Structures are given as structure tokens and as C-alpha cells.
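The values are calculated or read from the model by the stated rules, or taken from the named source; none is laboratory data. None of these values were measured; they are calculated from a predicted model. Positions of Cβ are generated from backbone atoms using ideal geometry, with glycine treated the same way; all protein chains shown enter the neighbour counts. Accessible surface areas use protein heavy atoms only, side chains included; no ligands, DNA or RNA. Shrake-Rupley method; radii C 1.70, N 1.55, O 1.52, S 1.80 Å.
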Amino acid sequence: MPKRKNKLAIAALLGVGSIAAMAVATPAQTALATEKNMRIAVPFGPKSTVPDPRARQNGWLSNRAGVSETLIGLAHDMTMQPRLAESFENVSPTEWKLTLRTDVKFHDGTPMTASDVKSSFEKMDAEGHPGHNPRLSKLLGLETITVENANTLVFKTKSPNSAFLWSLTEPSAAVMKEGTDELPLIGTGPFVFVSAETEKSYQTRKFADYWGGEPKLDAIVMDALSDPSVAALALQAGDVDLVTNYPEPDFANLKEKGEGQLFSNPTTRLFFFQVRTSDGPLSNEALRKAISLGLDRETIVAASLSGVGGEVANSIFPASMASWANTDLSLTYDPEAAAALLDKAGIKDTNGDGNRELEGVEISLKIRSYEGRAALRPTLEIAQALLQQIGINSEISMAEYDANNEALKAGDIQMHLQAWGTAPLGDPNYFPSTLVESGVGYNFSGYSNSELDELLKKGRESFDDEVRKGYYDRIQEIINEDLPLIPVFHKTQVSVGNGKVEGYKIHPAETYLVTPDLTLAD
């Protein structure tokens, strides 16, 4: 493992002496010094000291860390592939039979059985259990789980759900065994959970009995460095071996100079504004449409991503997602049309100060975003300047992600700039049914559209992809018309290694990172 240099100097420079990469080594860590260990800088850390992968968004980190696994996985071409289940079939519109691998062991050494899988999934509906996850439970829509034998079980859904198997690839659909004091999280992946420090670090060790073969690394620590510039400095200082979300301007410089171990791959991640539509100033449809028309997405992409990070968005899905993207849609930049639309709606600058008024009150939108992705802050700042050009004043700020959601839900802010994978499961149902379907948990817009709700229902009930394509094409149209979400751009992930990283490849779903083949060259 590379020598960790200048830890105290870097800590003093950055004011982040508490980050895990710079912590004083324990005797156990000293013993590990002769082993092959890797430190990875990631943008977000665990939400607790024992983050059950089935709850909240914990599964994303756990899945990427190689601790937890799902029954079905996604290949790099976004097709479904066996994972813990060696085969799966649709028995009827509401029944799905899965046959499990027979060589899988939990991290406590016990074999995985169909009963274990059933028990793990039942915890999602158990209020008060660390694995409780009503969001995923709604996506799956399970009625019963029947164990046929030690390696076979049948999932029955409450209604036809063509996205069911895709939903099983969701990292929160992890198969877990109840934890113990010695092993708080017991999964099946190539690495065993060791410890977590809330919002800071996640530590693992290899699982020699992993069904996919013994991992090449002995241990991994994921350090949460939400400021990409800090992460880049940590790499330069030798404090981490890989930065998964490198600052785009710095990546562009390295690429131009032909320096660094560079990784790049398009993803389904969308940068978008979630808009409070049910009340407040943005309940006005003309104002929402003018905001979209006033966003020069080409300029935002060029400035925020330095030519290495992505492409402008014309709908919620990128054009590269050919199976589901409605490529007939566009989100144009037309400030003159925006001004005309506002004038027609009576949203005018009546006193000549450059700021428009709505119902006699000067508009001042409160817009927030969060740290963790380098492009969020410049996108927010450029958007503010662009909106001012069409007479829309705004106050921008950065805060914690969940706090922003709560503020949007309460109507305390009007827009929340976010970055989501729109199809991390490979199916188009996940993103709209999580964010814009009436009454769902992440619909902080307060948005409701009966046609969209019905189309989502039909999309889940149909098993004909050509028919489904028509439904999701129309769903994308409705979103572009009503704008409860205002798409800005689709993201390419860029990462940088220390020159010794082997076996790393950016997955388009961004839900996979650590594999048994990940290692550091000698």
C-alpha cells in the first residue's frame, strides 16, 4: 500500500484532521500495514454506525463496498444477470420463481437458504427494525413470499408488476442475516463489514469464503470526502488510492496533460431541480416553464463539467438509454420566449429594478443544493445568474440533503438541485414512481397528475416492452410539460487512481464498485 505522506500537513491545510484517512493507527491497523489494503474517497458516508443496507439509501454504499448483495444484478450493459439467484422466471403476472445459488455463505459462515431470503425481505415491512424500508416495499408490492425448498422461493405481488425483477436489483433489496455484537451487519459479499463512522468512513475486510472467489484485497476503507477538491488533495498526498468522483476541472487538466490514472464512463445520473408545485410561487405553471426556458444548459455543462462530465438533458432519461428515452423531446434555451411567457402571465417588472413580481410581490425563489458532487455548486450559481437575466431573483445556499428535502416539503424553499441515477435498476419505472407519482415518499413537490399516475400503473402492469415504451414516452412528456422536475444535464462519472488501481470499472448504474478482482499493483 502506498506510504501515507504529510497527513498532519494536509489536515492542517484543509481543516479536516478528523477524516478517517488521517486518523491515528490502532494496533490492529498497524498489523494490517503488511497486507494489501485500499482506501477509496467517496462523496457520501454512512448514515449511522451500523447502516443496515435495506434501510434508507444505505444499500448504495454497502453494495458498492462489496458487503451486501442482491438476488439479481446488472451487467455493465444494464442487462439483468444472476447474482445470489442463479435463475429466475415469471410464473404468472403476479408470481416470480427464483432459484438460489447453493454455494453462498453469509459472513458468519452459515449457508444462505430460501428461508433466510424470505426473512430478510420481511424486515422491510417491520416497523422499528433497522431494515425497515417502505419505499422499496412499495416498489416491490409484495403480497407473499413462499419457500418451496431450501433453494427455491416464489414471490407473489399484489398486482402485476413488470418492473419486479428489475426492482430486485435495487441495492436496498439486499439479502441480510440478523447481526450480532461481533458481526453487526451480516451479508454475503466479498467483503465483511468491520465498522462505520457516521458521515465519515466505512471499513471492511475480505471474506475468504466468498462464493465468487477470494478477493485480491485484504481490506478496504471508504472515506467520505464530500468536497471533491479535498478528495483530490488526499489522492495527491497518498492518503487515498482512488477518488471515485473527481473534480471535473482537475480531471480535464490531467487529461490535457496526459497525466494520472483516469477513469470515465457515462451514467444514468441526472442533475435536476425538484420544484415545489403544490403551493408558493412555483405553483404558477408559466413561471416554471419560464425557468426551464431561461436555463442555458449548454453553458452550464461547459462551465460545471469542463467538457469531460456529461451532456445536456432533454428529458429525465439520457439519449444513450435508447430503450426508454423519448428522443423526440427537447428542453430549449430561449430567454426571449421566457420573457414573453412571463409578460403574458402578468409576471412583470413594474418598478424597473430588474425583478419581476407575481401577484404584486417581488419574486425571490429560495433554491438549495448540497455538497458531495463537484458540479452541484457551480450549477446552482450559474442557474441563479441565468434566472436573473429573465428577471427572476433567487437566493441560493448549500445545506444537508435530507434537510433540503424537508424544507422543500414544508414549502420553505422552492427548488432543490439534486443528482439522481434515473435508471439504477435498468428499468424506467423507478425514477418517476419514486419522485413524481402522487403521494410517494420522495414527492416533495406535492405534485399530482392523474394521467401520469395511471400511466405509471399501466407501465407496471404491462409485460410488453413496446407497449411500455409508449407509456413512459408520455410520462416523460408530462414531466416536461408540468415541470415538477426540471432536468438540467446527464452526468458522466470521472474517477482518478494513484496509478496502481486494477480491476476498477465505472458502472453506468453507479451502484457497483468493489469486486473480488479489485486490487493494487505491487
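Some notes on this structure:
- When each of Ser68, Ser18 is tested for being at pLDDT 55 or above, under 27 Å from the mean Cα position of the chain (by Cα) and over 20 Å from Val496 (Cα atoms), the lone residue that passes is Ser68.
- For the criterion of being within 28 Å of Lys469 (Cβ to Cβ) and either open to solvent by less than 10 Å² (accessible area, probe 1.4 Å) or free of Cβ contacts under 8 Å to residues at least 12 places away in the same chain (or both), Ala313 passes.
- Segments classed as helices (runs of 4 or more DSSP H), wholly inside segment 410-507, with at least 1 members that are free of Cβ contacts under 8 Å to residues at least 24 places away in the same chain and closer than 20 Å to Ser159 by Cα: 450-461, 465-482
- On the stretch given as segment 95-140, residues that are among the acidic types (Asp, Glu), closer than 25 Å to Gln57 by Cα, open to solvent by 60 Å² or more (accessible area, probe 1.4 Å) and in contact (Cβ under 8 Å) with a residue 40 or more places away in the chain total 1.
- Taken as a whole, the condition of being of a type in the set (S, T, N, Q), open to solvent by 30 Å² or more (accessible area, probe 1.4 Å) and farther than 29 Å from Tyr442 by Cα applies to Thr180.
- Ser172 satisfies every condition listed in (1) farther than 24 Å from Leu217 by Cα; (2) open to solvent by 40 Å² or more (accessible area, probe 1.4 Å); (3) touching a residue at least 60 places away in the same chain (Cβ under 8 Å) except (2).
- Qualifying residue in segment 262-273 (condition: among the aliphatic types (A, V, I, L, M), assigned to a strand (DSSP E or B), surrounded by 23 or more Cβ atoms within 10 Å (Cβ to Cβ) and in contact (Cβ under 8 Å) with a residue 12 or more places away in the chain): yes
- Tabulated pairs, segment 46-59, first over 12 Å from Met176 (Cα atoms) and among the polar types (S, T, N, Q), second open to solvent by less than 10 Å² (accessible area, probe 1.4 Å) and part of a loop (DSSP other than H, G, I, E, B), C-beta under 6 angstrom, 6+ apart or interchain: Asn58/Pro51
- Of Glu381, Glu395, all but one fail to be part of a helix (DSSP H, G or I) and either open to solvent by less than 40 Å² (accessible area, probe 1.4 Å) or at pLDDT 95 or above (or both); the exception is Glu381.
- Segment 290-308 residues that are more than 25 Å from Arg356 (Cα to Cα), paired with ones that are of a type in the set (Lys, Arg) and open to solvent by 10 Å² or more (accessible area, probe 1.4 Å) (beta carbon under 7 Å, 6 or more apart): Val308/Lys255
- Positions within segment 90-111 being in a strand (DSSP E or B) and under 23 Å from Ser68 (Cα atoms), in sequence order: Trp96, Lys97, Leu98, Thr99, Leu100, Lys105, Pro111
- Residue among Ser120, Ser87 that is out of contact with any helix residue (DSSP H, G or I) (no Cβ under 8 Å at 6 or more places or on another chain) and under 30 Å from Gln203 (Cβ atoms): Ser120
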